[in-house]
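All of the numbers you see were taken from the coordinates with simple rules; none came from a lab. Quick caveat, the model's predicted, so the values are computed rather than measured. Using ideal geometry, Cβ is built from the backbone for each residue, glycine included, and neighbour counts are taken over all protein chains shown.
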Amino acid sequence: MPKLSLIVPFCNVQQYARDVLMSLRANARPDFEFILVDDHSEDGTPAILERAAEELSDVSRVRCVRREQNGGIATARNTGLDVAQGEYLSFLDGDDWLAPGYLSELVAAIEELDCDFVRTDHVRVTGRARSVHRAPVGRRNEVLNPRDAILPAGRTTSVDYAYAWAGVYHRRLLERGLLHFTDGLRTAEDRPWIWKLHREAESFAVVGLLGVFYRRGVASSLTRIGDARQLDFIRAFDQVVEETAADRDADRLLPKAVRTYCAVIAHHLSEKDKFEPAVAKRLRAMSAAAIKRMPQDALGDVLETMDMRRSAELRRLRRRITTAKGAA
C-alpha cells in the first residue's frame with residue numbers, strides 16, 4: 001500500500017500544468033502515489049500529463065486517468081478517490097503547486113498526531129503577490145474534536161476554511177464514506193464536504209505547514225467566470241443546511257449553516273455585475289427561493305445579527321417572497 005495518494009484534477013490548464021508536475025517531482029517518494037485526473041481537457045493538457053506520468057514513474061507511483069466527459073472538480077476528485085490506494089490521501093488543484101518536500105512533512109505530521117485528518121495553512125498567489133492564509137484554529141499541533149471547531153456561528157471557523165487541498169486525510173475516512181464529494185458540483189464543492197467531515201470524523205489537528213501555493217486570478221477559474229456553473233453554490237449549501245438539520249446537534253449547528261449560506265448569497269449578489277444578464281436574473285430568483293427554504297426561525301435570528309448592508313439585501317429578497325405569495 002502506498003503511504004500517500006495525492007489526487008490532482010486537471011482541466012484545460014496547459015499554461016500551469018508543468019509547474020504543478022515539477023512540484024510533484026520535488027515531492028516524490030517511492031511510496032507516494034500521484035493520481036493525475038484529466039477532466040476531459042480540450043487543450044494540450046492530456047499530452048503534458050502523459051509525458052509527465054512517464055517521467056515521474058521513475059521516482060513515484062503514477063496513475064493517469066482520463067475522463068471521457070467533463071464532470072467538474074467534484075467528480076474529477078471522486079474519480080481519483082475511486083482508484084486511490086494510499087494509507088493517507090490528499091488533494092491538489094491542477095493550477096496550484098507544492099513547495100519541495102512538503103508532502104513528506106504533511107505525512108509526518110499526521111503520523112505523529114495519529115488523528116483522522118490534519119489541516120494546514122497555505123500561501124495565496126495573485127500575480128506576483130503572495131500572502132499567507134491561516135486555518136482559523138488557534139490551537140496547533142494538538143488533537144481536537146472536529147465538531148467543536150464548527151462554532152461559534154458569528155465567527156470564521158474551520159468549516160469556512162473549506163479548501164480540500166489544505167490538509168491530509170486518513171484512509172479510514174474514505175472507507176467510512178466521508179471523503180467523496182457531491183457528484184457534479186462545479187463550485188462550492190468543498191462546502192458540504194468540509195461540513196460532513198467536521199460533523200462525522202472523530203479527530204483532527206491543525207499544523208503550521210506552508211507548502212501549498214494557491215493560485216488566484218486564473219482566467220479559466222470558475223471564480224472568474226460569470227456563467228451558470230457559479231450557481232452550484234445554491235445546491236451545495238442546500239445540502240449543508242439539509243444535512244445539518246438532521247444532525248443530533250441541529251439546534252446548535254443550524255444557525256452557523258444558515259448564517260454562512262446567507263453570507264455567501266449576499267456576496268454573490270454584491271458581485272452580480274460579473275454574471276451574464278440571464279444568469280444574474282437566475283441568481284436572484286434562486287437566492288430568493290433558497291431563503292424561502294431555510295429554517296425561518298434561524299434565518300430571522302441571522303438577519304438580526306448580520307451587518308446592515310447584507311441584511312438589507314437579504315430582507316429585500318425575503319419580502320419579495322412574501323409579496324409574491326400574497327399576490328398569488
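Computed extension gain for Lys281 through Asp160, at 0.36 nm per residue and net of the alpha carbon distance, reaches 40.9 nm. Taken along its three principal axes, the alpha carbon spread of region 226-327 comes to 41, 29, 27 Å, from the longest extent down to the shortest. Positive-end ranking of Gly208, Ala53, Gly138 along the dipole of the chain, with charges on Cβ about the Cα centre, is headed by Gly138.
Per-residue Karplus couplings for region 189-201, computed as 6.51 cos²θ - 1.76 cosθ + 1.60 with θ equal to phi - 60°, are listed in order as 5, 6, 5, x, 4, 6, 5, 4, 4, 6, 6, 10, 6 Hz, Gly and Pro entered as x.
The trypsin sites (Lys or Arg not before Pro) of region 225-296 that meet both conditions, a loop assignment by DSSP and at most 15 other Cβ atoms within 10 Å of the site Cβ, are Arg248.
If you wrap the tightest convex hull around every Cα atom of the chain and split its volume per residue, you get 139 Å³. In terms of packing, defined here as the mean over residues of other Cβ atoms within 10 angstrom, the peptides 72-81, 22-31 line up highest first as 72-81, 22-31. Looking at region 4-223, the DSSP beta bridges with both ends there are about 35 percent antiparallel.
What the phi angles of region 135-142 give under the Karplus curve with 6.51, -1.76 and 1.60, with θ = phi - 60°, is a coupling list of 4, x, 9, x, 8, 10, 6, 9 Hz, glycine and proline written as x.
3J(HN,Hα) couplings calculated from phi for region 296-311 with the Karplus curve 6.51 cos²θ - 1.76 cosθ + 1.60 (θ = phi - 60°) are, in sequence order, 5, 5, 5, 4, x, 5, 5, 5, 6, 10, 6, 5, 4, 5, 5, 4 Hz; Gly and Pro show x. Filter Lys196/Lys281; Lys196/Lys272; Lys256/Lys292 down to the pairs with a C-alpha to C-alpha distance above 23 Å, please. Cα-Cα > 23 Å for Lys196/Lys281; Lys196/Lys272; rest within. In straight-distance terms, cross-link reach from Lys274 covers every one of the aspartates and glutamates whose alpha-carbon lies under 12 Å from its own, apart from those fewer than eight places away in the same chain; here that gives Asp227. Averaging the Cα positions of each part gives two centres, and for region 1-44 and region 116-137 these lie 20 Å apart.
Model label points for Lys272 and Glu304, set 7 angstrom from Cα along the Cα-to-Cβ axis, are 2.8 nm apart.
Here the spin labels are modelled as points 7 Å beyond Cα on the Cα-Cβ line, and at Arg172 and Arg229 they lie 3.7 nm apart.
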